[in-house]
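Structure, as structure tokens:
The values are calculated or read from the model by the stated rules, or taken from the named source; none is laboratory data. Since we're looking at a predicted model, the values are computed, not measured. Cβ sites come from the backbone with ideal geometry, for glycine too, and all protein chains shown count toward neighbours.
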């Protein structure tokens, strides 16, 4: 069992895979923060295993959003993907507890 952080810097309008759960592993997402790096409001989407955690969530200029209220369990091969409506506008920090599949 291990705690890990994964990042995606300068998030833009193309979907960015922040993390993919490795084969033979399970993961519990315990935190996901998205920080706006720009001087304007942006909107972000974050998906886990193909389901939206947030869609079109507004983040004011120079602010951040914790997009997770609770925990999300992921299986091997599941991904966390983030997208912004503005090029090179956000940083994503994902905190995950990973363990071998039982």
For this session: Go through the residues of segment 35-43 one by one and say whether even a single one is part of a loop (DSSP other than H, G, I, E, B), within 17 Å of residue 87 (Cβ to Cβ) and free of Cβ contacts under 8 Å to residues at least 40 places away in the same chain.
Result: yes
Exercise. Taking the stated definitions as given, is residue 31 part of a strand (DSSP E or B) and touching a residue at least 60 places away in the same chain (Cβ under 8 Å)?
Worked result: yes
For this session: Report whether or not residue 50 is closer than 23 Å to residue 22 by Cβ, free of Cβ contacts under 8 Å to residues at least 40 places away in the same chain and exposed (fewer than 12 other Cβ atoms within 10 Å of the Cβ).
Result: yes
Seminar exercise, completed: Residue hits (segment 54-74; surrounded by fewer than 13 Cβ atoms within 10 Å (Cβ to Cβ) and under 20 Å from residue 15 (Cβ atoms)) are 55, 56
Exercise. Among (1) free of Cβ contacts under 8 Å to residues at least 12 places away in the same chain; (2) in a loop (DSSP other than H, G, I, E, B), which single condition is residue 55 missing?
Worked result: (2)
Exercise. Which residues, counting only those in segment 3-21, are exposed (fewer than 12 other Cβ atoms within 10 Å of the Cβ) and either farther than 22 Å from residue 66 by Cβ or in contact with a helix residue (DSSP H, G or I) (Cβ under 8 Å, 6 or more places away or on another chain) (or both)?
Worked result: 14
Exercise. Take the residues of segment 70-102 that are more than 20 Å from residue 42 (Cβ to Cβ) and assigned to a loop (DSSP other than H, G, I, E, B): which is modelled with the lowest pLDDT?
Worked result: 102
